[in-house]
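Asker: The structure under discussion is supplied below as structure tokens; questions concerning it will follow.
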Amino acid sequence: MCNLYALTKGQQALRDLAQALELGSVRDQLGNLPPLDAIYPDSEAPIIGLRRGDGAGPTLSLARWGMPSPAFALEGKAVDRGITNIRNTASPHWRRWLGAAYRCLVPFTAFAEHVRTEAGVQPLWFNLRADEPLACFAGIASRWTGVRKRAEGEVTLTLFGFLTCEPNADVGPHHPKAMPVILTQPDEMRLWLTADWKEAKMLQRPLADGALQLV
């Protein structure tokens, strides 16, 4: 599971990426966004969603990382810490959020997979090669009311997670279970935000071999 990533490019790069989607005027609700060197589960991070109807276009906003957990995972628990990665899109739990209205882009510059070493479990960082643009995970997002932390009590939040898939040749030797679904081109990102699920689900596949490097 990918439970750590970074977003170190500036806010203007996010606006430029959203504008390159050619889906309408960009609305920036991020405020003053600092560089995010380490984004962990339940952290707030930027997502790009698509407004529908009049004034349609991409919106940059903050959401908390971790979608609602399935009911069986919450038995006997008063707190839902969330699910960060989504693999089984055939599950009834996830199917409700696979429509275009719930899909989002999760911008990133690097992500980590935790691997076991002689010194213990350590994060191993990957990023796109230097000539690649800012990329996004294929995400889903939804409003939710519940308890994420006991001290916080009941809250209403926008939550997000992103899809995973089989690892490519860059990630597989180090983390053979999975890698995030990564979108690098505006046409892929546009398709993810707008297409019917029968078409969009084809994007749940590994990035091309050789596209990533170890940091």
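We did not get these values from a lab; they are worked out from the coordinates using the rules stated. This is a predicted model, so every value here is computed, not measured. Every residue, glycine among them, receives a Cβ derived from its backbone with ideal geometry; neighbour counts consider all protein chains shown.
Asker: Compute log10 of I(q)/I(0) for the chain with the Debye formula, placing one identical point scatterer on every Cα and leaving out solvent, at q = 0.09, 0.12 Å⁻¹, to two decimals.
Answerer: -0.34, -0.62
Asker: List the lysines whose Cα lies under 28 Å from the Cα of Lys198, skipping any in the same chain that are fewer than 8 positions away.
Answerer: Lys177
Asker: Explain nothing, just compute: Karplus ³J(HN,Hα) = 6.51 cos²θ - 1.76 cosθ + 1.60, θ = phi - 60°, for every residue of segment 85-92 in order, whole Hz, x for Gly and Pro.
Answerer: 10, 10, 10, 8, 6, 7, 5, x
Asker: Multiply the residue gap between Arg95 and Lys77 by 0.36 nm, knock off their C-alpha separation, and tell me the result in nm, one decimal place. Please report the intermediate quantities before stating the final value.
Answerer: Working: separation 18, 0.36 × 18 = 6.48 nm, distance 2.35 nm.
Full extension of this stretch gives 4.1 nm more.
Asker: Can you tell me the order of 206-214, 72-80, 106-114 when each peptide is scored by its average per-residue count of other Cβ atoms within 10 angstrom, highest first?
Answerer: Details: 206-214: 15.7, 72-80: 10.4, 106-114: 21.7.
Packing order, densest peptide first, comes out as 106-114, 206-214, 72-80.
Asker: Further question on the same structure: Using every alpha carbon pair in segment 175-215, what percent of pairs falls into each 5 Å bin from 0 up to the bin containing the largest distance?
Answerer: 5, 20, 28, 22, 13, 9, 2, 0
Asker: Going from the alpha-carbon gyration tensor of segment 60-180, what semi-axes, largest first and in whole Å, does one get by taking the root of 5 times each eigenvalue?
Answerer: Working: eigenvalues 143, 70, 45 Å².
The answer is 27, 19, 15 Å, longest axis first.
Asker: Sticking with this one: Hey, any idea what the orientation-averaged projected area of the convex hull of segment 143-215's Cα atoms comes to, in nm²? Walk me through the intermediate numbers first.
Answerer: Values: hull surface 29.8 nm².
Seen from a random direction, the Cα hull of segment 143-215 projects 7.5 nm² on average.
Asker: Under 17 Å between alpha carbons, and skipping anything fewer than 8 positions from Lys77 in its own chain: which lysines qualify?
Answerer: Of all the lysines, those that pass the test against Lys77 - Cα under 17 Å, at least 8 places apart if same chain - are Lys149.
Asker: Rounded to the nearest angstrom and ordered from largest down, what semi-axes does the equivalent ellipsoid of segment 71-141 get from its C-alpha gyration tensor (root of 5λ)? Don't jump to the answer; show the numbers that get you there.
Answerer: On the way: eigenvalues 150, 98, 18 Å².
In descending order, the three semi-axes are 27, 22, 10 Å.
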